[in-house]
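In what follows, a single structure is set out as structure tokens and then discussed.
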Amino acid sequence: MQNKDVMGKGKILPLLIKFTAPATAAMAINSLYNITDRIFVGNSVGKEGLSAITAVFPITTFIMALSVLSGMGCSTLVAIRLGQNDEKGAVDVLNHTLIYIVAAAGTTSVLGFVFIKQILLMLGITPDLVEYATPYARIIISFSVFTYFAFGLNHTIRSTGKPIMAMITVLSGGVMNIILDYILVTKMGLGIIGAAWANAVSQGIASVLVIVYFIKYSPIKFRFKNFKFKIKQIIEIAKIGSAQSFMQFITALIAVLLNKTVVTAISTDALASAGVYTSVVTLLTVPAMGISQGAQSLIGYNYGAENKKRVISFYYAATILSIVTTIVVVTLAEAFAPQLAGIFGKDVPLAPIWIRRGVFLLPLSAGMIVATGYFQAKGKQGKALISALLRQVIFYVPALYLLPKLLNNEGIMYAQPVSDLPAFVATTILVIYDIRKYRKGVTKIER
């Protein structure tokens, strides 16, 4: 396979850019699914619609977490198996991932559709807002199977050496989402229901492209001849994907905590501004997420091939690249905060202030994102999980709880930067220790 020679022998920086540029573009489009809904609804419906979508965000993130559990596990194991020249093992991982997707998506859709109102009330949303958000959430959950295919298996396309194809599948769905949002929300006036249908249809299109790729064009394809289901394989996929999935679960829980804090400390209307802030943070971390995901395939492949020097080189190059690019986008966000907030409509007066006070240390988060991806690519789910907890829980949750008490409403806005600094220091120590141990030790990889 020609791509194998490139992944194992190509120059570090050009190869990293080759893999991370499409991954970053794919992440940008991925992020735009929910953000596009907020932009069109914010301008067409107002703060009520924007608040409703913000309230549903934890649910969409939870679904994404379940898709990442299989997607990142499959992607990492496929990259490692291909690095070991074990194509049969890579196909077996792919087949088991498909079974997981069907089972998990079916369960999510049924339970979510039946209990959506109860779920929204559990998230601490006011009854009036629940009635407004329920139709949007019900459509999103009912068609969640498309999320599993469109985003879960998209990572594995990169691991087969086809980063451009991975970008195309996400790009097609993202562009269609923008077009349908414009038609259904703006032109036809369907509000948040129109946004939900735009989301479902566009992800369906991306899913079809992913499935076709793994049936016809991928170097490893779905093949169930002589297939034997092994629960151990499902567990291995889930273990490898657990750190990234846990990060998504934590993101969902943090979103719930943030929403409750905003409603309690400020007002329900302020949820609209909170939604704008989280949307901007999502966009600003896209470069780091894309670089991390692109680097994971390269790190995983070379880890499987037992090429320590390239594994470490890819990590350092990805870290520097992610921090530098994030500095650039954060500087632009600080300079144009009012304009950024204005994209989402006129009913978000707190958003520009929140952006300027909350994002200035995000370059440190970029380094932590790559660190988590580094551990993930090596199959070190325990260390990846610790890295994720440092960034999103151990320091952030106490800051989100204490700062509003110390600084009143403005304390919420400083929670992110106050927690980023100590989390970055702790994560850096964890990575340095791992790299030193990796350099000195003997690489042992399960085959």
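Only Cα pairs within less than 10 Å get springs; with that Gaussian network setup on the chain, which residue of Gln293, Gln339, Gln381 has the largest fluctuation?
Most flexible of the set in this elastic network: Gln339.
If you work out Rg/Rh (Cα atoms, Kirkwood Rh) from the coordinates, which of (1) 0.96; (2) 1.03; (3) 1.17 do you get?
(1)
How about Lys88: which lysines have a C-alpha closer than 16 Å to its C-alpha, ignoring those fewer than 8 places off in the same chain?
By straight Cα distance, Lys88 reaches Lys4, Lys221, Lys225, Lys228, Lys230.
Using a cut-off of under 11 Å, list every residue of segment 413-436 whose amide N is near the label point 7 Å from the Cα of Ile394 along the Cα-to-beta-carbon line.
Label zone hits: 422-431.
Let me have the relative contact order for segment 205-355, percent, based on Cα pairs under 8 Å that are six or more residues apart.
Numbers: 76 pairs, mean separation 32.4, N = 151.
That works out to 21 percent.
Output the DSSP H helices from the chain with an along-axis C-alpha extent of no less than 24 Å and a mean Kyte-Doolittle hydropathy no less than 1.0. Working shown, then result.
Numbers: long enough: 12-44 (46 Å, 0.83); 47-83 (50 Å, 1.29); 87-122 (47 Å, 1.17); 163-181 (27 Å, 1.61); 191-212 (32 Å, 1.68); 231-265 (47 Å, 1.11); 286-304 (27 Å, 0.24); 308-335 (41 Å, 1.21); 415-440 (38 Å, 0.25).
What comes out of the filter, once short or polar helices are dropped, is 47-83, 87-122, 163-181, 191-212, 231-265, 308-335.
Report the charge-dipole magnitude of segment 2-440 in Debye, nearest 20, computed about the Cα centre from +1 at each Lys and Arg Cβ and -1 at each Asp and Glu Cβ. Could the numbers behind the result be given before it?
Working: 37 positive and 17 negative charges, 384 e Å.
So the dipole magnitude of segment 2-440 works out to roughly 1840 debye.
Just want to confirm a number: the relative contact order over the chain, from Cα pairs under 8 angstrom separated by 6+ residues, in percent.
Relative contact order, the chain: 24 percent.
Under the classification rounded if a/c is under 1.5, otherwise prolate if a/b is larger than b/c and oblate if not, where does segment 70-211 fall, given a ≥ b ≥ c as square roots of the Cα gyration tensor eigenvalues?
Values: a/c = 3.30, a/b = 1.70, b/c = 1.94.
The shape class here is oblate.
Counting only residues 5 or more places away or on other chains, whose amide H sits under 5 Å from the amide H of Leu190 once H atoms are built in the peptide plane?
Hits under the 5 Å cutoff: Val185.
Quick check on packing: order 318-324, 155-161 by the mean number of other C-beta atoms within 10 Å, highest mean leading.
Details: 318-324: 21.6, 155-161: 26.9.
Top of the packing list down: 155-161, 318-324.
Connecting C-alpha atoms closer than 10 Å in a GNM of the chain, tell me which of Arg223, Arg357, Arg81 has the biggest fluctuation.
For the chain, modelled as a Gaussian network with Cα springs under 10 Å, the answer is Arg223.
Build a GNM of the chain with springs between Cα atoms under 10 Å: which of Ala341, Ala399, Ala206 gets the top mean-square fluctuation?
Looking only at Ala341, Ala399, Ala206, the biggest GNM fluctuation is shown by Ala399.
When the chain is fully extended, how far beyond the present Cα-Cα distance does Arg356 get from Ile435, taking 0.36 nm per residue of separation? All intermediate terms of the calculation are to be shown ahead of the outcome.
Numbers: separation 79, 0.36 × 79 = 28.44 nm, distance 3.52 nm.
Between Arg356 and Ile435, full extension yields an extra 24.9 nm.
Rule-based calculations on the coordinates, nothing more; no lab input. Since this is a predicted model, take the numbers as computed values, not measurements. Here the Cβ is made from the backbone with ideal geometry for all residues, glycine too, and neighbour counts use every protein chain on show.
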